[in-house]
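Below is one structure, written out as structure tokens; the observations come after it.
Just so it is clear, none of the values below were taken in a lab; they were calculated from the coordinates. None of the values given here were measured: they were computed from a predicted structure. Neighbour counts run over all protein chains shown; Cβ positions are idealised from the backbone, glycine included.
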Amino acid sequence: MSSNRRFNIAVLPGDGIGLEVMTPAVEILQAAQSKIGGFDLDFSEHECGAGLYAKSGDALPPSVVDAAGAADAVLLGAMGLPDVRYPDGREITPQIDLREIFGLYGGVRPAKALKGVPPVLADPRAGEIDFVLIRESTEGLFVGRKKAERIGDDVARDTMEITRATSEKLFHFSYKLAQRRKAAGKPGRLTCVDKANVLGSTAFFRQIFDEVGENYPDIERDYGYIDAVAMNFVKKPWAYDVLVTENMFGDILSDLAAGLIGGLGFAPSADIGDRQAVFQPCHGTAPDIAGEGKANPTATILSAAMMLDWLGETHDVKACRDAAAAIDSAVTDAFATGGLTSFELGGADGTRAIADAVLARLE
């Protein structure tokens, strides 16, 4: 009998291309497990999302929430369909519900340029882009998504909410990630992105950032207003290391960051809490190409690698971290030497071709 550390992974493929990109991600996880050894992954798949809501009226059944809570980690494809909505007009977004249910305050959105993927910016330093945006994922402006206030046909109001309890956990998480990157040779700089010159809620956010920062004297503190950071993402994104921001600001900046490295098909993510974590690509369900084999699985594959790295860090299993590094290297090599060009970049390499190129280098 194996003495390896065993992890239970709840797989939520979701809707549209989420179903298509999940299959190769699981294949690559299994290949990494076989190659590295030292751990075992048990997968259980669960249906949820807009498709299920259309059939049953429930997008996220309690049984799925229970399974996600009991799992060691959750791997999610993509959820939501533009034509399937709640009665109030909102799209079906169980992924946001999961963040709130499990308190997944740390939304990690890496942006790293891959050799072989055509740069979006003309500056030769575009190939040096390698930063991490951390988006608080449970409060901020999103706190009002289920309780928007309407005053007749004249006024609509949403509320921005920043709490000390969540912000302190977010900043400790962010400073520690900056420390980990510094140990790996990165600058060790954390930028607080806010609108503290105008909004009192984000001035409070910055205040807590500074208070928590006193515990991390080895990390350089930096600051940027959201509008200036958005401009600098286009002018000099290679200047950033780790950034932390409010929910809505992070939602916007993370898509801009993805655009800098080739698009959402290359952008992985994680939403991490005190105990549970969900890993998923930043892209949506892309119903216009669903079923055609054109979806780029790279973001999902890299999200799966992030899951392994988190499991390794959380449970002190070096083999998981080694497997994550092996997947990252296989993806990098596949694009650097494989001549791959995904459909969204005007090429003809779809889900299977990209996955097979990664698998070949991993095995």
Quiz item: In a solvent-free Debye calculation with one equal scatterer on each Cα, what is log10 I(q)/I(0) for the stretch 247-329 at q = 0.22, 0.23, 0.26 Å⁻¹, listed in the order of the q values?
Solution: -1.07, -1.11, -1.21
Quiz item: What relative contact order, as a whole-number percentage, does the stretch 1-95 give when Cα pairs under 8 Å and 6 or more residues apart are counted?
Solution: 41
Quiz item: In nm, what is the difference between 0.36 nm times the number of residues separating A230 and A70 and their Cα-Cα distance?
Solution: 53.8 nm
Practice problem: Determine, for L253, L133, the number of other Cβ atoms within 10 Å of each Cβ, and report the residues in order from fewest to most. | Solution: L253, L133
Practice problem: Could you give me the radius of gyration and the Dmax of the stretch 119-261, taking only the C-alpha atoms into account and expressing both in angstrom? | Solution: 16.2, 56
Quiz item: Under the Karplus relation 6.51 cos²θ - 1.76 cosθ + 1.60, θ = phi - 60°, what is the ordered set of whole-Hz ³J(HN,Hα) values for the stretch 164-181, x standing for Gly and Pro?
Solution: 5, 4, 5, 5, 4, 5, 4, 6, 4, 4, 5, 5, 5, 5, 4, 5, 5, 5
Quiz item: Looking at (1) 23.1, 75; (2) 20.4, 73; (3) 19.9, 68, which value of Rg and Dmax of the Cα atoms in Å comes from a calculation on the structure shown?
Solution: (3)
Exercise. Output the antiparallel fraction of DSSP beta bridges having both residues in the chain, as a percent to the nearest 5.
Key: 40
Quiz prompt | Loop trypsin sites (Lys or Arg not before Pro), the stretch 38-137 (other Cβ atoms within 10 Å of the site Cβ: 14 or fewer; DSSP) | solution = R90, K115
Quiz prompt | Residue-span extension gain [A54 to H315] - 0.36 nm each, minus C-alpha spacing | solution = 90.1 nm
Quiz item: Considering only DSSP beta bridges whose two residues both sit in the stretch 119-261, what percent are antiparallel, to the nearest 5?
Solution: 20
Quiz item: Which of the GluC sites (Glu not before Pro) found in the stretch 211-298 are loop residues per DSSP with 16 or fewer other Cβ atoms within 10 Å of their Cβ?
Solution: E214, E292
Practice problem: Considering the options N215, L302, A257, tell which one lies farthest towards the positive end of the dipole of the stretch 208-321, charges being +1 on Lys and Arg and -1 on Asp and Glu at the Cβ, about the Cα centre. | Solution: L302
Quiz item: What residue among D241, D158, D333 has the largest mean-square fluctuation in a Gaussian network model of the chain, using Cα springs under 10 Å?
Solution: D158
Practice problem: Choose one answer from A165, A50, A111: the residue with the largest mean-square fluctuation in a GNM of the chain with alpha-carbon springs under 10 Å. | Solution: A165
Quiz item: With a 10 Å Cβ neighbour count serving as the proxy for reagent exposure, in which order, fewest first, do L308, L302 appear?
Solution: L302, L308
Exercise. Apply the Debye scattering formula to the stretch 192-296, with a single equal point scatterer on each alpha-carbon and no solvent, then give log10 I(q)/I(0) at q = 0.15, 0.18, 0.20 Å⁻¹.
Key: -0.79, -1.04, -1.18
Quiz prompt | Residue among A336, S201, T138 farthest towards the positive dipole end of the chain, charges placed on Cβ | solution = A336
Self-check item: Computed magnitude of the charge dipole of the chain (debye, nearest 20; Cβ of K, R +1, Cβ of D, E -1)
Solution: 720
Quiz item: What net charge is computed for the residues neighbouring G37, neighbours being all others with C-beta under 15 Å from the C-beta of G37, Lys and Arg scored +1, Asp and Glu -1?
Solution: +2
Practice problem: Have a look at I129, I219, I151 and tell me which one the Gaussian network model of the chain (Cα, springs below 10 Å) gives the largest fluctuation. | Solution: I151
Self-check item: Unsatisfied cross-links (Cα-Cα over 20 Å) in the set K35/K112; K112/K182; K35/K186; K112/K318; K55/K146
Solution: K35/K112; K35/K186; K112/K318; K55/K146
Quiz item: Over the stretch 57-175, one equal point on each Cα, no solvent: what is log10 I(q)/I(0) by the Debye formula at q = 0.12, 0.14 Å⁻¹?
Solution: -0.68, -0.88
Exercise. Straight distance only, please: which aspartates and glutamates reach the Cα of K115 with their own Cα at less than 17 Å, same-chain residues fewer than 8 apart left out?
Key: D123, E128, D130, D328, D333, E344, D349
Self-check item: Of K147/K195; K235/K294; K169/K195, those spanning more than 29 Å from alpha-carbon to alpha-carbon
Solution: K235/K294
Quiz item: Relative contact order of the chain: what whole-number percent is it, with Cα pairs under 8 angstrom and at least 6 residues apart?
Solution: 23
